[in-house]
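Taking it in order: structure first as structure tokens, then the write-up.
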Amino acid sequence: MTRIPTKAEILEWIAENPTLASKREIAKAFGIKGAARIDLKRVLHELEDEGHLEKRRKSYRDPERLPPVSVLKVLAPDAEGDLFARPLEWRGEGVEPIVLLRLRDSDPALGEGDRILARLSVVHAEDHNYEARVIRRIGFSPETVLGIYRTGAEGGRIVPIDKGRHKEWTVPLEAAGGATDGELVEAELSGRRDRLGLPKARVLGRLGDATAPRAVSLIAIHQHGIPDRFSEAALAEAEALLPLAPGRREDLTALPFVTVDPADARDHDDACCAWPDEAPDNKGGHVIWVAIADVAAYVHTGGALDRDALERGNSTYFPDRVVPMLPERLSADLCSLIEGEPRPAIAVQMRIDAEGNRVAHSFHRVLIRSGASLSYEEVQAAIDGETSERTAPLLAPVLEPVFAAWRALDAARNRRQPLDLDLPERRIVLSDEGKVTSVNFRERLDAHRVIEEFMVLANVCAAETLIARRQPLLFRVHEEPATEKIDALRETAAASGLTLAKGQVLQTRHLNALLSQAAGREDADLINMATLRAMTQAYYSPENFGHFGLALPRYAHFTSPIRRYADLVVHRALIAAHGWGQGALDPEQAERLEQVAAHISDTERRSMMAERDTTDRYLAAYLSERLGTDFPGRISGIARFGLFVTLDETGADGLVPVRSLGHEYFHLDARNGTLMGADSGAVMAIGQRVTVRLVQAAPVSGGLEFELLDVEGKPLPRPAGPKGRSPRRKPVHAARKAEKHRRKVIRKRR
């Protein structure tokens, strides 16, 4: 009797012979003939049903591996110029494989968006899983660009506004769509080229004057694909909503809730209050209430509002506008905890002892009324003894008890030691016309810390409650930094004469000890930035991996459902866990939490990049009137193509191209963050004080270019090369390289 191989044997053979994985080849390999093939077919079908195999035409393959010949989509080159591709046939459940293209001289010139047929081989490199050889290009994928239209004799051209692009696109006259010279347009690549080999494009839309002050955020919105218009269905759904009746909610309108937000806040989704705990077993303790707008009562899973909110993932904030996650009817009205107006909320009562340790908490579905909408500055002034007509009546009964509770929480925070980075936040002030009038740094007040600690505690309570009730939720995850990044940080610290503990499990207190050593020193900014760059990117996940930066084992976002979809999911989970009825997390969305988490993590990063790019453009516009001015700053980054310098005055970042440093070759030591002149011996390193001259500012792209004048107060040695000799280093597209490098070191949020 013919022996049928086991499932494990079949899977092992297919993994070793991916090009011979048809049923016929499998039967031949195991010597299966005649009627026994029926049993083999049955086993293969079972492996399909179990998800171990996927039938692809007449052959079988492991869905967790890519087929040996696959269709790939070419991605943009990275900072080193390497080309990677995305596998379009990936069907696995894990992390999508990373494919590096190994190009030969005979291969066609490939661009971002091209689709290719390629032969793959498995590798175990640090930054990719597969390598691919091109078989042939099978088509162009439509690619869009945002740029400035420039008219010409036979049509025009488009100059991209993205610093990551350096190639212009030509536009035939019939494809210009009526665009005029200097106009901001959105265009699509046609896949054809003109007689000079430049790609051709057609104008899809005209977006107005690119130099208009308020075009800056509009550029970022279009460039990053942020949805800025609600669907008609969502708007109709929002307009049809009416204020909720109290129903069976607990009435907490008598409690002294207040909202505390930035002076220019566009929504108010959290309120708080506190008082001394009178329980005899908690002497010196405090009772804290945090109430959050009950968005889930209005936005139901699967509705038009929910679909639009999920698509956006979060609100995106610019100096001149906000792209909200929810329409104004909700974000600025029904779900905003407006002063004096009754509003539905989900509230958590938290009791802490005199040392700031939480002793109990409970969640409630309530109705509240905020007694005042205050700014951080108002609250801080009142606590500092400068009360106003608004804050004087609130000082003793409301504000002082809130600060007393915070002081206890702050003591507990100091014992826990979350990561304590000192990274000032820039604030761009615009005129009514949208022009930058000043750039400064936001002051960090105790009032900010009060609200932050209350919100962190509420978020911990939400996570712990849902875990205890075995309810699916989205965690806010921040994993430990990679060992190699911490090793690099340790070397940076050692170069500054500082110490980062080694040979033990890394904790935030070790990093805080390093930051404390650097405090008050010239290189404090360098150490803070290097520590930030060593951290991983925070993200959302239905699985809990803890929050390293906050030094918390369990953490979920609960406090901002108006502007973050993750918080709305947590609200729905709390409603389901407590059996509160309408608005609960439904089983279908609970099953899709992994996909939701991945999507909203992506939209968060998208918003961060759009907000950062907008800030860069405003700064470039602000500085464009100061060309030729000398500025003090610090080297904040080193690359083969130049130095990144951060200005003291505004925090603006710009590039000193290596070509401007002199007629000599510069050796890059990436590990130690230095460039050294081969002839002069001049060494430039991250953290050094420099003086630079602004030579170019491009408001449309946000790029700044500097000339280096001195390093640590000493003029830069410039050895003169032979007359007429070009620098040894090949010219590079500095702006493009700068942008790609900058994207790699994007600031990570908690």
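Couple of notes before you dig in:
- The 3J(HN,Hα) values that the Karplus relation (6.51, -1.76, 1.60; θ = phi - 60°) gives for the stretch 242-254 are, in residue order, 10, x, 6, 6, x, x, 9, 5, 6, 8, 10, 5, 7 Hz. Gly and Pro appear as x.
- FRET efficiency for the pair HIS599 and GLU112, taken as 1/(1 + (r/R0)^6) with r the Cβ-Cβ distance and R0 = 22 Å, rounds to 0.50.
- Full-extension gain in nm, ALA412 to PHE441, via 0.36 nm per residue minus C-alpha separation: 7.6 nm
- Taking θ as phi - 60° and the Karplus parameters 6.51, -1.76 and 1.60, the scalar couplings of the stretch 498-505 work out to 10, 10, 10, 3, 10, x, 8, 5 Hz in sequence order, x denoting glycine and proline.
- Calculated FRET value between GLN537 and GLU239, using beta carbons and R₀ = 30 Å, to 0.05: 0.20
- One decimal place: the segment ALA494-ASN357 gains 45.7 nm when fully extended, by the rule 0.36 nm per residue minus the C-alpha distance.
- ASP648-VAL505 pseudo-label distance in nm [points 7 Å out on the Cα-to-Cβ vector]: 4.3
- Spin-label pair ALA513/GLU377, simplified geometry with 7 Å Cα→Cβ offset, distance in nm: 4.1
- The residues of the chain expose, per residue, 48 Å² of accessible area to a 1.4 Å probe.
- Computed across the stretch 254-312, the Kirkwood hydrodynamic radius from all distinct Cα-Cα pairs reaches 14.6 Å.
- Length added when fully stretched, ARG592-ARG150, from 0.36 nm per residue minus Cα-Cα: 154.5 nm
- Ordering 600-612, 553-565 by mean Cβ neighbour count within 10 Å, with the highest value first, yields 553-565, 600-612.
- Within the accessible area of the chain (1.4 Å probe), percent carbon and sulfur: 49
- Whole-Å distance, taken between Cα centres, linking the stretch 550-578 and the stretch 369-436: 23
- Ordering of 279-285, 300-306 by burial proxy (mean other Cβ atoms within 10 Å per residue, highest first): 300-306, 279-285
- Computed log10 I(q)/I(0) for the chain at 0.06 Å⁻¹: -0.46, from the Debye equation with unit scatterers placed on every C-alpha and solvent omitted.
- In this simple spin-label model, placing a label point 7 Å from the Cα along the Cα-to-Cβ direction at both GLU425 and LYS283 gives a separation of 4.0 nm.
- Efficiency of FRET between ASP105 and ARG136 - r from beta-carbon atoms, R0 22 angstrom, step 0.05: 0.90
- Per-residue ellipticity at 222 nm computed for the chain from its helices equals -8500 deg cm²/dmol, with DSSP H segments shorter than 4 residues left out and the rest contributing -39,500 (n - 2.57).
- In terms of distances greater than 23 angstrom between alpha carbons, the cross-link table entries LYS167/LYS485; LYS73/LYS200; LYS167/LYS200; LYS200/LYS435; LYS7/LYS33; LYS485/LYS714 yield LYS167/LYS485; LYS200/LYS435; LYS485/LYS714.
The values are calculated or read from the model by the stated rules, or taken from the named source; none is laboratory data. The model shown is predicted, which means the values in this text are computed figures rather than measured ones. Note that each Cβ is placed from the backbone with ideal geometry, even for glycine, and that neighbours are counted across all protein chains shown. Quick note on the areas: whole protein, heavy atoms, side chains included, nothing else; ligands and nucleic acids left out. Shrake-Rupley method; radii C 1.70, N 1.55, O 1.52, S 1.80 Å.
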